[in-house]
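S.K.: My questions will all concern the structure given below.
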Amino acid sequence: MTEAGSLTQEDVIAALDHAQIAEGPGGPAVMMPGQHHARLNMYIAQARDGRFEIVENLGPIDPQERLVGAPVLTG
Amino acid sequence: MATSPTAATDHIKVGLIADQTGPLSFVGLANANVARMVVDDLNADGGLLGRHLELHVEDSATDDDVAAGKARKLVEVDRVDVVFGGIYSSTRQAIKGPVVIGGKTLYIYPEQYEGQESDPLIFCTGPGPAQQVDPFIPWLMERTGAKTFYLPSADYIWPHVLNARVREVVTANGGTIVGEEYYPLDHTDYRATVERIAGSGADAVFNTIVPPGVTPFFEQLHDSGFTSRGGQLICTYFDENFLNMVPAAHVEGLYGCLDYYQAVDDMFSKKLLTQYDALYPGDAQFTGGTPARACTAGYASGPPR
């Protein structure tokens with residue numbers, strides 16, 4: 001919103017469309033333009049004695065979602 | 001009217017639908033805590049574009065109809081600028097009606113889910129199948145040698161769509177789905193399911209049963225000796241708040257795949273966890289399940305931190 005410089009819904013959506021944070025819980029996060037879903041660092045964890053231990057850091061992974069407003073493909 | 005510019009003196013109104021009571025209360029309470037922490041942080045930094053944020057939290061009671069009613073109130077009565085929240089995908093769909101379709105209001109859904117949401121007014125900040133199932137299943141098959149998978153599931157959209165992806169990935173990697181069953185969310189007697197799992201000889205159980213049914217299911221699966229016989233238990237949504245819900249022995253060795261765990265030890269993640277724990281000591285923890293993502297979405301709206 002700081003980048004948008006405005007709080008109209010149109011401007012906020014345009015800014016969120018490619019929003020990113022250099023630091024977040026689990027690492028950086030980046031909205032994939034047009035997808036409204038984020039590239040995220042992913043981790044595999046295993047429960048040990050009531051806690052989760054990280055067993056694999058998969059690194060940043062894309063959401064691979066379709067573009068917003070695109071028709072739903074069925075079948 | 002959501003598209004009209006807010007007057008310079010007006011607060012930015014942020015609505016949150018949180019499951020503060022009912023089966024998901026331990027997550028919903030944490031979501032509300034995180035929202036307060038982020039809003040307070042942003043306000044301490046001067047708000048957004050010089051405007052103060054005003055948080056409106058509504059309890060959806062882990063009930064889709066209640067969630068829809070509260071969402072309608074946030075949009076029509078409180079006239080919020082944005083709505084956050086919902087955990088179950090059925091709750092997202094319940095919120096979407098009054099907020100997005102009826103109210104033309106921005107909606108941010110912060111949960112890991114089945115993907116495929118593509119409304120221009122909705123942003124999803126949690127991971128989907130390409131980020132959980134696609135990398136994780138081949139890793140698990142390689143690591144553990146598991147070839148046969150059983151899919152006990154709750155009967156709503158998320159398990160159905162996710163299981164289709166699991167079937168695709170398991171099959172593509174030379175494995176087999178040996179069972180797939182759906183139950184109402186509040187189903188509690190899984191003895192017959194557990195017997196069928198044992199009879200199938202499944203190497204792995206990929207669980208999408210959710211609260212409240214997941215607690216008795218894990219207990220009955222554990223008591224059947226599934227994991228002590230070497231079976232692999234997988235539950236992608238499980239985070240530390242869910243771990244707190246079940247005896248540790250019932251889920252010992254359970255594998256999950258999320259974008260945050262409390263054990264992630266980069267400086268920023270540790271700082272957030274420390275900040276949250278100081279503000280909100282207790283059972284509703286800062287976890288990847290939803291709280292961390294609401295936090296991500298909130299901070300993404302503000303100036304660089």
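The values are calculated or read from the model by the stated rules, or taken from the named source; none is laboratory data. Remember, it's a predicted structure, so these values are computed and weren't measured experimentally. Glycine also receives a Cβ, built like all others from the backbone with ideal geometry; neighbour counts cover every protein chain displayed.
S.K.: Before we move on, is A:E10 more than 7 Å from chain B (Cβ to nearest Cβ) and outside any strand (DSSP E or B)?
M.R.: Criteria not met by A:E10.
S.K.: Across the range B:244-260, what is the number of residues that are touching a helix residue (DSSP H, G or I) at 6+ places or on another chain (Cβ under 7 Å) and at pLDDT 95 or above?
M.R.: Total meeting the criteria: 7.
S.K.: Give the residue, chosen from B:G103, B:G97, that is among the small types (G, A, S), at pLDDT 95 or above, in contact with a strand residue (DSSP E or B) (Cβ under 9 Å, 6 or more places away or on another chain) and in the same structural domain as B:A278 (by TED's automatic domain parsing).
M.R.: Going through B:G103, B:G97 in turn, just one is among the small types (G, A, S), at pLDDT 95 or above, in contact with a strand residue (DSSP E or B) (Cβ under 9 Å, 6 or more places away or on another chain) and in the same structural domain as B:A278 (by TED's automatic domain parsing): B:G103.
S.K.: Something else: Please tell me if B:F217 is under 30 Å from A:G26 (Cα atoms) and either within 14 Å of chain A (Cβ to nearest Cβ) or among the aliphatic types (A, V, I, L, M) (or both).
M.R.: For B:F217, the condition - under 30 Å from A:G26 (Cα atoms) and either within 14 Å of chain A (Cβ to nearest Cβ) or among the aliphatic types (A, V, I, L, M) (or both) - is not met.
S.K.: Could you pull out the residue among A:G50, A:G59 that is within 8 Å of another protein chain (Cβ to nearest Cβ) and surrounded by fewer than 21 Cβ atoms within 10 Å (Cβ to Cβ)?
M.R.: The conditions single out A:G50.
S.K.: Please work out if B:I108 is within 14 Å of another protein chain (Cβ to nearest Cβ), buried (at least 18 other Cβ atoms within 10 Å of the Cβ) and farther than 14 Å from B:N207 by Cα.
M.R.: yes
S.K.: Could you check the range B:186-305 for helices (runs of 4 or more DSSP H) lying wholly inside it with 2 or more residues that are among the polar types (S, T, N, Q)?
M.R.: Counting at least 2 such residues, we get B:191-200, B:214-223, B:267-279.
S.K.: Continuing with this model, one more query. Among the listed residues A:A38, A:A14, A:A29, A:A19, identify the single one that is at pLDDT 95 or above and among the small types (G, A, S).
M.R.: Exactly one residue qualifies, and that residue is A:A38.
S.K.: Yes or no: the range B:168-181 includes at least one residue that is without any contact (Cβ under 8 Å) to a residue 12 or more places away in the chain, under 27 Å from B:T91 (Cβ atoms) and either among the charged types (D, E, K, R) or surrounded by fewer than 16 Cβ atoms within 10 Å (Cβ to Cβ) (or both).
M.R.: Checked against the condition, which is being without any contact (Cβ under 8 Å) to a residue 12 or more places away in the chain, under 27 Å from B:T91 (Cβ atoms) and either among the charged types (D, E, K, R) or surrounded by fewer than 16 Cβ atoms within 10 Å (Cβ to Cβ) (or both), the range B:168-181 yields at least one hit.
S.K.: Still on this structure, please answer the following. Of everything in the range B:172-185, what is under 21 Å from B:T144 (Cβ atoms) and part of a loop (DSSP other than H, G, I, E, B)? Give them in sequence order.
M.R.: Passing the criteria: B:N173, B:G174, B:G175.
S.K.: Taking the range A:6-33 on its own, how many of its residues are within 22 Å of B:K104 (Cα to Cα) and crowded, with 16+ Cβ neighbours inside 10 Å?
M.R.: Total meeting the criteria: 10.
S.K.: Of the residues in the range A:41-75, how many are of a type in the set (G, A, S) and modelled with pLDDT of 95 or more?
M.R.: Total meeting the criteria: 4.
S.K.: Now for a different question. In the range B:182-204, what residues are among the hydroxyl-bearing types (S, T, Y) and surrounded by fewer than 18 Cβ atoms within 10 Å (Cβ to Cβ)?
M.R.: Answer for the range B:182-204, where residues must be among the hydroxyl-bearing types (S, T, Y) and surrounded by fewer than 18 Cβ atoms within 10 Å (Cβ to Cβ): B:Y182, B:T188, B:S200.
S.K.: Take the range B:126-152 and flag every residue that is touching a residue at least 40 places away in the same chain (Cβ under 8 Å) and surrounded by fewer than 20 Cβ atoms within 10 Å (Cβ to Cβ).
M.R.: B:P135, B:T144, B:G145, B:K147, B:T148
S.K.: Going by the structure shown, is A:G69 closer than 21 Å to B:G298 by Cα and within 7 Å of another protein chain (Cβ to nearest Cβ)?
M.R.: So A:G69 fails the test.
S.K.: May I ask you to verify whether A:E3 is among the acidic types (D, E), assigned to a loop (DSSP other than H, G, I, E, B) and free of Cβ contacts under 8 Å to residues at least 40 places away in the same chain?
M.R.: Yes: the conditions hold for A:E3.
S.K.: Also, quick follow-up: When both residues are 6+ apart or on different chains and their Cβ atoms are under 9 Å apart, which pairs have a first residue that lies in the range B:221-239 and is basic (K, R), and a second that is in a helix (DSSP H, G or I) and surrounded by fewer than 19 Cβ atoms within 10 Å (Cβ to Cβ)?
M.R.: Close Cβ pairs (under 9 Å, with a partner that is in a helix (DSSP H, G or I) and surrounded by fewer than 19 Cβ atoms within 10 Å (Cβ to Cβ)) amount to B:R229/B:A198.
S.K.: I would also like to ask the following. Which one of these is among the β-branched types (V, I, T), modelled with pLDDT of 95 or more and not assigned by TED's automatic domain parsing to the domain that holds B:G174: B:T290, B:T227, B:T274, B:T236?
M.R.: It is B:T274.
S.K.: Using the structure shown, decide if A:E3 is facing another protein chain (nearest Cβ under 7 Å) and surrounded by fewer than 18 Cβ atoms within 10 Å (Cβ to Cβ).
M.R.: Considered against the rule, which asks whether it is facing another protein chain (nearest Cβ under 7 Å) and surrounded by fewer than 18 Cβ atoms within 10 Å (Cβ to Cβ), A:E3 comes out as no.
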